[in-house]
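The values are calculated or read from the model by the stated rules, or taken from the named source; none is laboratory data. Computed from a predicted structure; not experimentally measured. As a convention, Cβ positions derive from the backbone with ideal geometry for all residues, glycine included, and neighbour counts pool all protein chains shown.
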Amino acid sequence: MEQLLSNKIVYHIIVIILAALAAFIPRYLPVLFFSTRKIPEWFNEWMKYVPVSLFATLVVKGIFLTGSYHFTLFGYPERIIAALIVIVIAYFTRSMSISVIAGLVAVWLLSLAL
């Protein structure tokens with residue numbers, strides 16, 4: 001029993017170390033690669049749009065795709081209404097934190113009501 005427990009502990013430690021490496025390496029290699037090179041200006045301009053496009057993709061996926069990746073226009077009305085609320089709040093406040101909190105509260109309350 002003690003040998004089995006010891007093997008499980010070693011296995012878990014190896015899995016934790018491999019998971020840490022898998023999380024660290026993709027973040028470290030670009031820093032290592034680009035820290036010594038001059039990045040072209042066109043690349044910097046292009047990269048300004050990446051966070052916006054990724055965020056938009058995540059939002060659209062969360063609102064209009066089902067769990068089995070089928071498109072549904074009105075499958076999640078609480079998420080659509082919450083997204084509209086967030087758009088209005090973000091427009092007037094220009095605050096990411098207030099918008100996120102309002103969106104979370106809106107989804108929570110609307111999912112209870114609908």
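Taking the criterion of being at pLDDT below 90 and of a type in the set (Gly, Ala, Ser), the residues of the stretch 68-96 that qualify are SER68, GLY75, SER95.
Specify which of the listed residues (PHE64, PHE71, PHE43, PHE33) is farther than 22 Å from ALA113 by Cα and in contact with a Phe, Trp or Tyr (Cβ under 8 Å, 6 or more places away or on another chain). Working first, answer last.
On the way: PHE64 fails: farther than 22 Å from ALA113 by Cα; PHE43 fails: in contact with a Phe, Trp or Tyr (Cβ under 8 Å, 6 or more places away or on another chain); PHE33 fails: in contact with a Phe, Trp or Tyr (Cβ under 8 Å, 6 or more places away or on another chain).
The match here is PHE71.
Quick check, is ALA82 surrounded by 10 or more Cβ atoms within 10 Å (Cβ to Cβ), within 30 Å of TRP108 (Cα to Cα), hydrophobic (A, V, I, L, M, F, W, C) and in contact with a Leu (Cβ under 8 Å, 6 or more places away or on another chain)? Yes; evaluated as a whole, the condition is true for this residue. Residue check: is LEU110 on the phi < 0 side of the Ramachandran plot, in contact with a Pro (Cβ under 8 Å, 6 or more places away or on another chain) and assigned to a helix (DSSP H, G or I)? Yes, satisfied.
Pairing residues of the stretch 96-114 that are farther than 18 Å from GLY75 by Cα and in contact (Cβ under 8 Å) with a residue 12 or more places away in the chain with residues that are hydroxyl-bearing (Ser, Thr, Tyr) and in a helix (DSSP H, G or I), at Cβ distances under 8 Å and at least 6 apart in sequence or on separate chains, gives SER99/THR93.
Looking at this structure, is ALA56 surrounded by 10 or more Cβ atoms within 10 Å (Cβ to Cβ), aliphatic (A, V, I, L, M) and not assigned by TED's automatic domain parsing to the domain that holds VAL107? Walk me through it before giving the result.
Values: surrounded by 10 or more Cβ atoms within 10 Å (Cβ to Cβ): yes; aliphatic (A, V, I, L, M): yes; not assigned by TED's automatic domain parsing to the domain that holds VAL107: no.
Against the criterion (surrounded by 10 or more Cβ atoms within 10 Å (Cβ to Cβ), aliphatic (A, V, I, L, M) and not assigned by TED's automatic domain parsing to the domain that holds VAL107), ALA56 does not qualify.
Any chance you could count how many residues in the stretch 69-86 are in a loop (DSSP other than H, G, I, E, B) and of a type in the set (D, E, K, R)? Residues meeting the conditions: 0.
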